[in-house]
Amino acid sequence: MHPTPTTSTPALRPGERIGGIVLNEAGDYQHHLVLLPARPKAGLTWQAAKDWAASVGGELPTPQEQSLLFAHCKDHLPEAWCWSNKEAADASYAWFFYFYSGLQGIYSKSFEGSAVAVRRLILESFNSFGGTAAPAPAQAKTIAALRKRLERWELDHLRALSVSLHQQLEAAHERAERLQSELDRAWRNAEAWQDDAMELVKQLEASGEQIGITQAGQLVVVEQEGGAA
């Protein structure tokens, strides 16, 4: 029989919060994620964000861990783009997470974004069965429930993100239509003004006059050269 792990809670320092339990690809316990309370005072490039996280006793989270933080600690996260520790395929870019909406993406490492720091705890009570041995039934049930919860949250998150992006797209389309309408109106006004100006020039020429401009930049009507004295 496999030993049943005892329930245990990570010891937290002041201001820290549990971000959740991280599982590996096989669904086995990997570590507890702890969100540190420190926040940078200014925007940071990717490397500067890594250095800052180390200076406060932590590390940048992985993209997976950022999703976990968004699910469990959203009220304690900055509503900003925050760097992860993962580089993109192009080494001049890295992954980051928008903690306002849950959107993930990549950006140039030179961009000055924000960051949060985490630390990782491995509790022996969660790892007492060790190796690749199967967990006890109660532990397996807990892991299965957590996996379902994460899958359900991911689906809900993707649905909400899809709705948000659709609304943003519709709003952008409406703005584009308004701008196009304003542009068309401006062109019509400009063409009407040009037609009026040309008509005025013709009338002046017919009466032996023309439009001139003073050194001060003012438009004046003067007699055409060779016209009446």
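Taken together, the values in this text are just the output of simple stated rules run on the coordinates, not laboratory data. All values derive from a computational prediction rather than experimental measurement. Counting neighbours? That spans all protein chains shown, and the Cβs are built from the backbone with ideal geometry, glycine included.
What do you get when you divide the Cα radius of gyration of the range 17-129 by 2.2 N^0.38 Å, with N the number of residues?
Normalised Rg, Cα atoms only: 1.05.
Compute the label zone of Glu174 within the range 149-166: residues whose backbone N is under 15 Å from the point 7 Å along Cα-to-Cβ.
Zone members listed by number: 164-166.
Helix 46-55 versus the longest principal axis of the chain: what is the Cα-based angle in degrees, 0 to 90, to the nearest 10?
40
Taking the chain as a Gaussian network, Cα atoms linked when under 10 Å apart, which of Val118, Val56, Val201 shows the biggest mean-square fluctuation?
Among Val118, Val56, Val201, the largest mean-square fluctuation in the Gaussian network model of the chain belongs to Val201.
When the chain is modelled as a GNM with alpha-carbon springs shorter than 10 Å, which of Trp95, Trp193, Trp83 fluctuates the most?
Trp193
If contacts are Cα pairs under 8 angstrom and at least 6 residues apart, what is the relative contact order of the chain in percent?
In percent, rounded to a whole number, it is 19.
Between Leu68, Leu204, Leu36, which gets the highest mean-square fluctuation from a Gaussian network model of the chain, Cα cutoff 10 Å?
Answer for the Gaussian network model of the chain: Leu204.
Would you mind checking the tilt of helix 63-72 against the longest principal axis of the Cα atoms of the chain, expressed as 0 to 90 degrees and rounded to 10?
For 63-72 against the chain, the angle is about 90 degrees.
Using each residue's phi in the range 15-21, evaluate 6.51 cos²θ - 1.76 cosθ + 1.60 at θ = phi - 60° and report the 3J(HN,Hα) Karplus result to the nearest Hz, with x for Gly and Pro.
After applying 6.51 cos²θ - 1.76 cosθ + 1.60, I find x, 7, 9, 6, x, x, 9 Hz.
Give me the tail of P(r) for the chain as a percent: Cα-Cα pairs with distance above 31 Å.
50
Placing +1 on the Cβ of each Lys and Arg and -1 on the Cβ of each Asp and Glu in the chain, which of Gly208, Cys82, Leu12 has its Cα farthest towards the positive end of the resulting dipole?
It is Leu12.
Just tell me which lysines come within less than 20 Å, Cα to Cα, of Lys86; anything on the same chain fewer than 8 places away is out.
Once the sequence-local lysines are set aside, what remains near Lys86 is Lys50, Lys109.
Percent relative contact order of the range 27-126, based on C-alpha pairs within less than 8 angstrom and at least six residues apart?
42
Under the definition of Cα pairs under 8 Å and six or more residues apart, what whole-number percent is the relative contact order of the range 154-229?
Here the relative contact order equals 15 percent.
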